[in-house]
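Here is the structure we will look at.
The values are calculated or read from the model by the stated rules, or taken from the named source; none is laboratory data. In this text the structure is predicted, and so the values were computed from the model without any measurement. All Cβ positions, glycine included, derive from the backbone under ideal geometry; neighbour counts span all protein chains shown. These area figures cover heavy atoms from the full protein model, side chains too; ligands, DNA and RNA do not enter into them. Shrake-Rupley method; radii C 1.70, N 1.55, O 1.52, S 1.80 Å.
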Amino acid sequence: MTRIDLHSHSSVSDGTDTPAEVLGYAVTAGLDVLALTDHDTVGGIAEAAEHVPPGFVLVPGMELSCAFAGSSVHLVSYLFDPEAPGLAAELRRVRSDRASRAEEMVAKLRALGVDVSWERVLRIAGAGHDEYADANTIGRPHLARAIVEAGAARDVQDAFDRWIGSGGPAYAARYALDPVRAVGLVRAAGGVCSLAHPGRAEGALNGAVPVDLVERMVAAGLGGIEADHPSHNRAQTKEWRGVAADLGVVVTGSSDDHGSLTGHRLGCRTTAPEAFEELVAPATGAALIRG
Ligand code: AMP
Ligand code: MN
Ligand code: MN
Ligand code: MN
């Protein structure tokens, strides 16, 4: 049985393990296929590609930050050309705004008496590499770790609850794409995509992505819905499997592993081989990386 996990993070974004280490954990977890989907970057793919063992398949990917009605909507995207002009420009804009937004949040935290420094956050965000690079993305989990180090929260979850969760005292919003336009950009770059954890849209919607938005995303070329995700309960998984069936797109299943931040969990949810084949069939922007 081929075991396929289509959503994971490395230290190039907010995971804790380097891309090389993620591949090692994927093999240990008994996976045959892994998509590395760091937030808004393919900066880890080249390193991951050097560590694909014989018989293993790496799917180059990314989790693209979108927003709708004040809530985050995430698009796990695969096999696109990262140099395609429209998409590349948006990725640079999202990453650059992530950095200025994180700096703004550091300023808010300091004004609230939390002793975090921008230099320390940059060092955490560059973990495993000599320094923070343009292709890396800064995210709130890096800030959360700095807050814990400063003694202002017990753990990362507590840092989100007290300080940096959506609407929290040190929260700042950031630029993200319109979800329908994002699907079009990924498709125009030769890629395919699945709607990540649709039951968990953080922010004003406080819950699920609206189904009428999902319909418009499908009309723009969305190929899958990540119904099987560790943050979904049984009812949500069932509901989103039903939405996928109704809209004629495949169901994907993934761990959304972030290394030690999520408790290493690669392979805790998987995608059926037939669903994977159907999802990636239209992709022309990049090739699967075989060991
Ligand atoms: P950002 O992309 O900077 O807005 O941060 C969002 C990231 O923070 C997500 O991709 C998760 O990895 C993580 N995250 C979001 N909410 C929480 C939470 N309540 N506790 C811990 N991590 C979270
Ligand atoms: Mn994340
Ligand atoms: Mn996500
Ligand atoms: Mn993710």
- Any idea which of (1) of a type outside the set (A, V, I, L, M, F, W, C); (2) crowded, with 16+ Cβ neighbours inside 10 Å; (3) more than 28 Å from Ala20 (Cα to Cα); (4) more than 16 Å from ligand 3 (Cβ to nearest atom) is the one Asp158 doesn't satisfy? (2)
- Check on Ser65, over 26 Å from Gly167 (Cα atoms), at pLDDT 95 or above and among the polar types (S, T, N, Q): no
- Note on the structure: Among (1) in contact with a Ser or Thr (Cβ under 6 Å, 6 or more places away or on another chain); (2) in contact (Cβ under 8 Å) with a residue 40 or more places away in the chain, Ser77 falls short only on (1)
- Task: Out of the residues in region 229-259 that are within 13 Å of ligand 2 (Cβ to nearest atom) and farther than 19 Å from Phe276 by Cα, state the one that is surrounded by the fewest Cβ atoms within 10 Å (Cβ to Cβ).
- Result: Ser231
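Identify, from the list Leu58, Leu109, the residue that is in contact (Cβ under 8 Å) with a residue 60 or more places away in the chain and out of contact with any strand residue (DSSP E or B) (no Cβ under 9 Å at 6 or more places or on another chain).
On the way: Leu58 fails: out of contact with any strand residue (DSSP E or B) (no Cβ under 9 Å at 6 or more places or on another chain).
Only one candidate passes the filter, namely Leu109.
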- Condition check for Gly267: more than 19 Å from Ala176 (Cβ to Cβ), surrounded by 16 or more Cβ atoms within 10 Å (Cβ to Cβ) and within 16 Å of ligand 4 (Cβ to nearest atom): yes
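Need at least 3 residues that are farther than 20 Å from Ala281 by Cβ per element, so show me which strands (runs of 3 or more DSSP E) inside region 1-100 make the cut, counting only ones lying wholly within it.
Details: elements: 33-36, 57-68, 71-78.
Of the strands (runs of 3 or more DSSP E) lying wholly inside region 1-100, those with at least 3 residues that are farther than 20 Å from Ala281 by Cβ span 57-68, 71-78.
In this structure, does Val211 turn out to be away from ligand 2 (no atom under 16 Å from the Cβ), closer than 30 Å to Ala245 by Cβ and buried (at least 21 other Cβ atoms within 10 Å of the Cβ)? Even if it seems obvious, please write down each step before you answer.
Values: away from ligand 2 (no atom under 16 Å from the Cβ): yes; closer than 30 Å to Ala245 by Cβ: yes; buried (at least 21 other Cβ atoms within 10 Å of the Cβ): no.
No.
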- Query: Does Val116 satisfy being closer than 24 Å to Ser260 by Cβ, open to solvent by less than 70 Å² (accessible area, probe 1.4 Å), β-branched (Val, Ile, Thr) and part of a helix (DSSP H, G or I)?
  - Reply: no
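For the condition more than 15 Å from the chain's Cα centre (by Cα) and under 24 Å from Glu215 (Cα atoms), what is the one hit in Phe56, Phe68?
Values: Phe56 fails: under 24 Å from Glu215 (Cα atoms).
Within the list Phe56, Phe68, the selection yields Phe68.
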- Item | Qualifying residue in region 37-47 (condition: modelled with pLDDT of 95 or more and surrounded by fewer than 17 Cβ atoms within 10 Å (Cβ to Cβ)) | yes
